[in-house]
Structures are given as structure tokens and as C-alpha cells.
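Below is one structure, written out as C-alpha cells; comments come after it.
The values are calculated or read from the model by the stated rules, or taken from the named source; none is laboratory data. Only a predicted model underlies this, so the values are computations on that prediction, with no experimental measurement involved. Cβ placement follows ideal geometry from the backbone for every residue including glycine, while neighbour counts extend to all protein chains displayed. Heads up: the accessible areas ignore ligands, DNA and RNA and are worked out on the full protein's heavy atoms, side chains in. Shrake-Rupley method; radii C 1.70, N 1.55, O 1.52, S 1.80 Å.
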Amino acid sequence: MSTVKQLEDVSTVGGTTLTPTVPPNLNGAPEGGEAGSTGSIGRLILRVFLENKLAVVGVAIVVLMVGFCWIGPLFYHTNQISVNLYQVTLPPGGSHPLGTDPSGFDVLGRLMYAGQTSLEVGLAAAAVATLVGVLWGAISGYFGGIVDAVMMRVVDILLSIPSLLLLIVLAVLFSPGKWDLVLIIGFLAFLYPARLVRAETLTLRTREYVQAVRVMGGTGRRIVGRHIIPNAIGTIVVNATFQVADAILLLAALSYLGLGIQYPQADWGSMLNTGTSYLDNGDWWLLIPAGACIVLIVVAFNFIGDALRDSLEVRLQQR
Amino acid sequence: MISYIIRRLIQAIIVIFGVTAIVFLLFQLVPNGAVGLARTDLGSRASPYQVHQFIIANNLNLPWWDQYWHLIANYATLNFGHSYHYNQPVATLIGTYLPRSLVLVTMAIVLALVVAIPLGVFQTVRRNKPSDYALTGLAFIFYAMPAFVLGNLLILYLAVYHHVFRPVVPDTESLGQMFTDWRSMTLPVVTLAAVTIAAFSRYMRSSMMDTLAEDYVRTARAKGAGRLRVLFRHAFRNALMPIITLLGLSLPAIVSGAVITETVFNFPGMGYLTLQAAQVYDVYIVAATTVVATVATVLGSLLADLLYAVVDPRIRYVHG
């Protein structure tokens, strides 16, 4: 498989988190045929994934970021606790490679500290969203009828409210801490996985093996939990990857607006919030590093999601 | 077609009712109930009598179904309550702020379409060439770049370092004055449009590629139609259609983006109003703007769906 063709495949599915309606990967299916000689499907997915250069780049960025945020502070010691008013908004240089912020915190050290929050909340919120969404979609799709109608109308209603407005209202009402934010973001983001899993369930529940379980007396809970969800796992994982990117963005947006993570805690969004106040001075080091971190991590998760979807399609072709 | 329109309208009405229900639920979540709501608006030093007056004036003493009924009846007649913070009817405030947001969002969408569609076509023509990859890379980056990062970067370089544009929208009441001032309007519009351009150009490219693989395009080629004729007469117009649906679906995201863009540029629109109100706990404004923004979004999506049915003669929505 040529690199050029690979790039091509990935490039067509950019920006897919926006809407699930337009089928991705429109210029021909990925060439899964040649991989038929390989043994297990797991290894096949791994191979397709590794051949996809952008996916490797994505994973590398994520690994580096995690290392930067958690291992970095072990080697790069900075004071992120006490304010130092003698060292505010220093430009980069000397003992502060990225300068200092208006509280006198070292910006590079602050990036690591803030990144921990951003990544933790992003991953946890995506997990909440996926969990809630999978259950919601599977139950709705499996039981059908009035249950389905009601549950899906709820999804429709929530989807048509601009999510940021709802987030602002909730954030103002509850002045949430870090873990409340995880729940709030997660509960607003479960809509997409719910729709996807419902669609998968609708097709899966007509399959013979599901009918077989039903004939053998399997309960609804068993069918959904042991048979439908495991078979929809590919779709779920791909979506979860995009959910991480979205959750990081939502948290950053909320913090940028001053409603998310509160001082003295920080995430990348709240660092940008601080930086905005000093925009007139041209203090670029308060903006660009945090902005770059957000963009990098989001691009990385989008790359990984795209690659996972490609390899999933290969798997489907093998069936 | 008529039955489809009716069905879509009913759906839209259900969604709008659902949104009012959610907003009503949010009112109930204010700590300490009616008294708490009164205190958020009147302040902690309001006398018990004032609190009592507030509760009577806003029907907070009624049972919940009566309250919900009042909320719907009031919203239906564009009575959104009174903002104690601005000391104005919320409807008046929305009347001032909503048109600005509408113009901002419309300009951004127009810009996004005008840039993204030719970009997508260009990439299809030059597919798998360096320019295609470069644009794809850019699209990935801009797609991941939230408005508060892009907006601030633009301000930093084009307004602070080089004084090409103004960093904020001028403080003027006049709509006309605001929007003819290109030095202050360019950056907000570009900021809001960027994410949409990134997403739409990707889809336009995919859609174009998809269309070029269709049988009728091959037929056109076989009949000897020229390259450009195939591209524009046969493929382009068909490839445009998914973009209409996409536009309808991305409206909520665009409105969310507008909230951020307005904050970044101190642009006095609905998002700015909402955020300012939220920070002083002016619940009535926040509830009203949320409902109005959602209704606008729902109507926009409805319009997009209907437009889709009009432009695509293959689609005749039959019942089912």
C-alpha cells in the first residue's frame, strides 16, 4: 500500500466529528484485500494502523504530551503554588524558557500542570460520554417502539441546543469543580455515541446470532451487554477517540470563558483566558504555547480516530 | 412533499417544546428555589417584601405546571421577563443583540461557503498533488483550532503587532456603522468562519470525488464532454447538495462558535449578552437567549432540509 494512497484515504475523512451523516472515505474503500494473508484480525488492524503514518504521528504526539505533563515536572521543577510578584509576565529567556505569567508562575511548568487537568478531564469526560451514550443507544435501539421514540427525541432536543450555551448555564448554576466538569461535559457529549450505537444496534439485533440468543432464552440485558455492545465496539472506540478531542476543546472553551477550571488550578483554556488580558502588551508567550498544546492534542486524537476508522473498515471488508 | 414539510414542522415544534422544558428544569435547579431565584436577581440585601414582590411578579408562587404554562405562554408572545441587571425587558435586549449576531453568523457562513467550496473543487482537481496535501494539512490544523485560539492569534499579529485591524468591535449602537467598518469586522468573521471552512472544504472534496465516481459522470465523459464541462456541469452541482445538509447540521456548532468569537472580540451579540448575564446570575436573560438561539438553530436546520428537498429532484420525501 503506497503512502500516497494512505494519505489520501485519511485526508477525506477530516472533520468528521461535526456530523456523522456523510459517509467517510468516499474515494474508494481502503485496500484491505492484500492483507488477507495475515493471521489474526487484531494483528491486521495493528498493521494497517502502523502503516498509516498520520496515526503513528498522532500516537506519538499523545505519548509525548502525556510524558510532558506527568514526567516533565519530575525533571523540570517549578513553583506552581506561591505567587511571585517580582517575576510577573517576564518574556522568555534565562531561567524561564517560556517566560512567566501574571502571577509569576513559570509558563513551561504551568503548561505541564495545566495539561494534566486538560488531559484528565478530556479522557474522563470522553469515558463518561461513551459509557452513557453506549447504554442509551443500545437500550433505545434494542427495545425500539415507544422507548426508542422517547429516548431519541431527548437526544434530538439536546442536539439542537448549541451545547456551549447549555454548558454555560450549567457551569453558572453549579460552579463546578474538576470532576463535576467531567460529568457535565460527559452528559452533554453522550448524544453522538448514543445515535451511533442505536444505529448499530438496529442492524445487529436482526442478526441470526442475536436471534439465536433470544430463542435460547437470553434476557434483554444479556443480549445487549454480551452480544450487541461487543459487536459494536469498533464504532464505539472510533467515536470515543473523537470524543476525547471534543471534550478537551469544550473544557478549554469553558475555561477560556472563565467558567471552567478556576484559579489557582489551571488548564490550557484558563491559561489562554489569563493571556487574553495581556494581549494589548503583545505578550505572545501567554497565548501561543497553550494554544499550540490544545491544537496539537486535538489534531493527534483526530488522526488516531481517522486511522482507527480506516483499520475498522479493513476489518469489515475481511468479513 | 407537503406531508414531509408538516412532519418536519411537527418535529421542530417538539424540539422547541423540549428546549423550553429543559430551560424550565434549569430554573428549578437554582439553589433555594423561588427565594434563591429572587436573591440571584435582587441581590442578598433585598428585603423580604421585595423578594415576595418578585415571587408574585414572576409567578413563582404557582405550582410547577402552572409556571411552565406561563413560561410557554410568555415565550410564545415574546415576553421573556424582566432583566433586573439591565433593568430592561429581556425582549428589548434580545431585539438589540440578536440582529448583530445574525449578521455576524450570516457573514461567516457566506464566507465559509465562498472559500470552502472552491477549495474543495480545487483539491479534487489537484488531488494527490502537493497543493492538495498542503491544504489538507491546513484543514486538519484549522479544524482543531478553537475560535479563542485563532481569534487571539489574529488579534495579536494583525491588531497588536501590526495595526491592520482593530482588536474589538467599536462601541456603537448602530448596526450599519458596525458592519461597514471592515477594520473591526474582518477578524471576527474570519475567526468564526475558519473551523467551518476547514470542515466544509473536506466534505466538498469528498463529495466531489464521490460524484466523479458516479455512472452519469462516466457517461458524460464517454459522450466526449470536456474535462471542465464534466467538472462543473455534471459533477459540481450534484456535489454541492450534501453541503446543504451539512450546513443545517453544523448550525448548533456555529452558534456555539459565535458565543466564543463574540467574547474574544467583545462583539455585542447574543453570545456576549448570554455570558455577561450568566456571570451576574441573570437567569432570565440566559434562559431566553438559550431558547431563542435554539429556535433559530432549529429553524435554520429545517430550512436547510427543505432546501435540500427542493434542489434534489431525486428526493421526494414519501411517508415512512
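For the reader, a short list of remarks on this structure follows.
- Here the Karplus curve 6.51 cos²θ - 1.76 cosθ + 1.60, taken at θ = phi - 60°, turns the phi angles of segment A:200-212 into couplings of 4, 4, 4, 7, 5, 5, 8, 5, 4, 5, 6, 5, 4 Hz, with x standing for Gly and Pro.
- Farthest toward positive dipole pole in the protein assembly as shown [+1 Lys/Arg, -1 Asp/Glu at C-beta], among B:Pro252, B:Ala159, A:His96: B:Pro252
- Projected area averaged over orientations for segment B:199-247, convex hull of C-alpha atoms, nm²: 3.1 nm²
- Of all aspartates and glutamates in the structure, the ones whose alpha carbon falls short of 15 Å from that of B:Lys223, not counting any fewer than 8 places away in one chain, are B:Glu214, B:Asp215.
- Every helix of 4 or more DSSP H residues in chain A counts as -39500 (n - 2.57), and over all residues that averages to -21000 deg cm²/dmol at 222 nm.
- Against the main long axis of the alpha-carbon atoms of chain A, helix A:145-160 sits at an angle near 30°.
- Cα-centre dipole for the protein assembly as shown with unit charges at Cβ (Lys and Arg positive, Asp and Glu negative), debye to 20: 1960 debye
- Chain A: C-alpha pair distances exceeding 35 Å, %: 31 percent
- Probe 1.4 Å - accessible area at A:Asp156, Å² to nearest ten: 40 Å²
- Against chain A, whose longest principal axis comes from its Cα atoms, helix A:268-277 is set at around 40 degrees.
- Residue-wise HN-Hα couplings along segment A:110-119, as the Karplus relation 6.51 cos²θ - 1.76 cosθ + 1.60 with θ = phi - 60° gives them from phi, are 5, 4, 5, 4, 5, x, 4, 5, 4, 5 Hz; Gly and Pro carry x.
- When a 1.4 Å probe is rolled over the protein heavy atoms, the share of accessible surface on the protein assembly as shown that falls to carbon and sulfur comes to 66 percent.
- Between A:Gly282 and any residue 5 or more places off or on another chain, the built amide H atoms are never under 5 Å apart.
- Net charge dipole size for segment B:218-303 [Lys, Arg +1 and Asp, Glu -1 on Cβ; Debye, nearest 20]: 1220 debye
- Cα centre as origin, Lys/Arg/Asp/Glu Cβ charges: chain B dipole, Debye: 1520 debye
- With 20 Å bins from 0: P(r) over the protein assembly as shown, alpha-carbon pairs, percent: 17, 51, 29, 3, 0
- Cα pair distances in segment B:91-311, grouped into 10 Å bins until the bin that holds the longest one, percent each: 8, 28, 31, 20, 9, 3, 0
- Counted residue by residue at 0.36 nm each, then reduced by the alpha carbon distance between them, the extension gain from B:Asp66 to B:Asn79 reaches 3.1 nm.
- Residue-averaged beta-carbon neighbours from other chains (10 angstrom radius) around B:206-217: 3
- Note on A:Leu296 and B:Asn266: the model spin-label points, each 7 Å out from Cα along the C-beta direction, lie 3.3 nm apart.
- For residues of B:252-259, the mean tally of beta carbons on other chains within 10 Å: 5
- Interchain or long-range residues, amide H under 5 Å from B:Gln88's placed H: B:Ser83
- Here the peptides B:78-87, B:256-265, A:123-132, B:148-157 are ranked by packing, the mean other Cβ count within 10 Å, and the order with the highest first is B:256-265, B:148-157, A:123-132, B:78-87.
- Residue (of B:Ala309, B:Val298, B:Thr180) at the positive-pole extreme of segment B:91-311, dipole from beta-carbon charges: B:Ala309
- Using alpha carbons only, the radius of gyration of segment B:2-77 set against its Kirkwood radius gives Rg/Rh = 1.15.
- Angle between chain B longest axis and helix B:90-125 axis [Cα atoms, degrees, rounded to 10]: 20 degrees
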